[in-house]
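Below: the structure, in structure tokens.
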Protein chains: 2
Amino acid sequence: MASAIQITSVMKTLADPTRRAMFERIAREGEIAATGLVRGSKVSQPAVSQHLRALRDAGLVIERRDGRHIHYRVAPKGLGPLFDWLGHYQNFWQERFENLERLLKGSE
Amino acid sequence: MASAIQITSVMKTLADPTRRAMFERIAREGEIAATGLVRGSKVSQPAVSQHLRALRDAGLVIERRDGRHIHYRVAPKGLGPLFDWLGHYQNFWQERFENLERLLKGSE
DNA sequence: CATTTATATAAGTAATTACTTATATATTTG
DNA sequence: CAAATATATAAGTAATTACTTATATAAATG
């Protein structure tokens, strides 16, 4: 079960648009080096490095060193606290449930 | 579909623990007046008022005036942006899907 | 070893935030 | 209308944040 602190940490981390965009990109690419993230980013290399640290500290990404590159991937359980928290709102959840079911079964 | 700005707004609003606790309480109670929230809160009445404004601005709660009381309820679509955003992570989503299904069917 | 490349850290800053106390604005009630 | 109650706004502040530029560290390569 996710603690309130974990939920706060994950939400705070993803609330920043720049950082969330980075997370989305890492998720899309599967795996990507920091350099790749710096290229095509509006912010400086140190800013990217700081955001990556924040994502890692929040448990949202994991890193793998390969020579002088560090590759980032989404941490499998990283979004867990968010899923858990949303799961408590079963009425809203249920409302979305059918849409989700259709989505997963690929009928649309 | 939820815009990036809406997602940012909802996440930023819920990332604050005090404010998120207020949202959770409103959800739990179904409907509750501001006074009720002030009682049993660690922060001052103005702080509660400011947080309620933030929740309302983010589309997370709706208010209903009754005399000099203002009652708050969770906005039906308020968490929508969060659900939508999480929905994009289908692999993680799917991982939780079965648990959720069990939960909703009340088998545990 | 010297240079280049990849990433991290340091230090500074403007903007934002989450509070506070004090006061203003409704709304009801005697 | 005057007093009481419910909520909002104003103004100030300490802490946090998201950047920047400059510099340090780490690893590969000539």
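Of all residues in the stretch B:85-97, one or more are among the small types (Gly, Ala, Ser), on the phi < 0 side of the Ramachandran plot and either at pLDDT 95 or above or part of a helix (DSSP H, G or I) (or both). Within the stretch A:1-27, residues that are more than 11 Å from chain B (Cβ to nearest Cβ) sit with their Cβ atoms under 7 Å from residues that are at pLDDT below 95 and part of a helix (DSSP H, G or I), at 6+ positions apart or across chains, in these pairs: A:1/A:84; A:2/A:80; A:2/A:81; A:2/A:84; A:2/A:85; A:6/A:81. Scanning for something modelled with pLDDT of 95 or more, more than 10 Å from DNA strand D (Cβ to nearest atom), part of a helix (DSSP H, G or I) and more than 14 Å from every other protein chain (Cβ to nearest Cβ), does the stretch A:44-52 turn up at least one residue? Checked the stretch A:44-52: at least one residue is modelled with pLDDT of 95 or more, more than 10 Å from DNA strand D (Cβ to nearest atom), part of a helix (DSSP H, G or I) and more than 14 Å from every other protein chain (Cβ to nearest Cβ).
Residues that are under 16 Å from residue B:26 (Cα atoms) and of a type in the set (Gly, Ala, Ser) were ranked within the stretch B:67-88; the one that is surrounded by the fewest Cβ atoms within 10 Å (Cβ to Cβ) is B:75. In the stretch A:54-75, the qualifying residues are those that are near DNA strand C (Cβ under 6 Å from one of its atoms) and of a type outside the set (Val, Ile, Thr), and the one that is farthest from the other protein chains (Cβ to nearest Cβ) is A:68. Among the conditions (1) closer than 30 Å to residue A:25 by Cα; (2) in contact with a strand residue (DSSP E or B) (Cβ under 7 Å, 6 or more places away or on another chain); (3) of a type outside the set (Val, Ile, Thr), residue B:64 misses just one, which is (1). Can you tell me which residue in the stretch A:22-42 is farthest from residue A:79 (Cα to Cα), limited to those that are away from DNA strand C (no atom under 11 Å from the Cβ) and surrounded by 15 or more Cβ atoms within 10 Å (Cβ to Cβ)? Ranking the qualifying residues of the stretch A:22-42, first place goes to A:41.
The values are calculated or read from the model by the stated rules, or taken from the named source; none is laboratory data. Bear in mind that the values here come from a model prediction, so they are computed numbers and not experimental data. Positions of Cβ are generated from backbone atoms using ideal geometry, with glycine treated the same way; all protein chains shown enter the neighbour counts.
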